[in-house]
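Please read through the structure below; I'll follow up with questions.
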């Protein structure tokens, strides 16, 4: 019986020590890669819908991003992020970018040549 009591006491002590430990640390994400190559990689996330380098496929219902003013893109993404502009997936996508990444991607698209036939 004394061995059983000692075993239970050791188990309780171990459980108590485990319960007092801090939780797992939050994940450490890599800092934004705002180098030219990093910004191109961020902009590539827009290509499936808005086309390579922001040049939409002819006849697409989506606006091309190439040549659009930086502030216009930043404002649109802010509205998506806040949920104030209706969309199918853009609200979730916009929330995945920091403000610095949004500004860098917007500047990237502003510098792309405007697509022929777009306002």
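Select the helices (runs of 4 or more DSSP H) contained entirely in region 26-93, then report the ones holding at least 1 residues which are without any contact (Cβ under 8 Å) to a residue 40 or more places away in the chain, surrounded by 17 or more Cβ atoms within 10 Å (Cβ to Cβ) and in contact with a helix residue (DSSP H, G or I) (Cβ under 6 Å, 6 or more places away or on another chain).
70-82
Now a separate question. Looking only at region 94-106, which residues are surrounded by fewer than 16 Cβ atoms within 10 Å (Cβ to Cβ) and either at pLDDT below 90 or part of a loop (DSSP other than H, G, I, E, B) (or both)?
Residues satisfying the conditions are 96, 98.
The values are calculated or read from the model by the stated rules, or taken from the named source; none is laboratory data. None of these values were measured; they are calculated from a predicted model. Please note: Cβ atoms are built from the backbone with ideal geometry, for glycine as well, and neighbour counts cover all protein chains shown.
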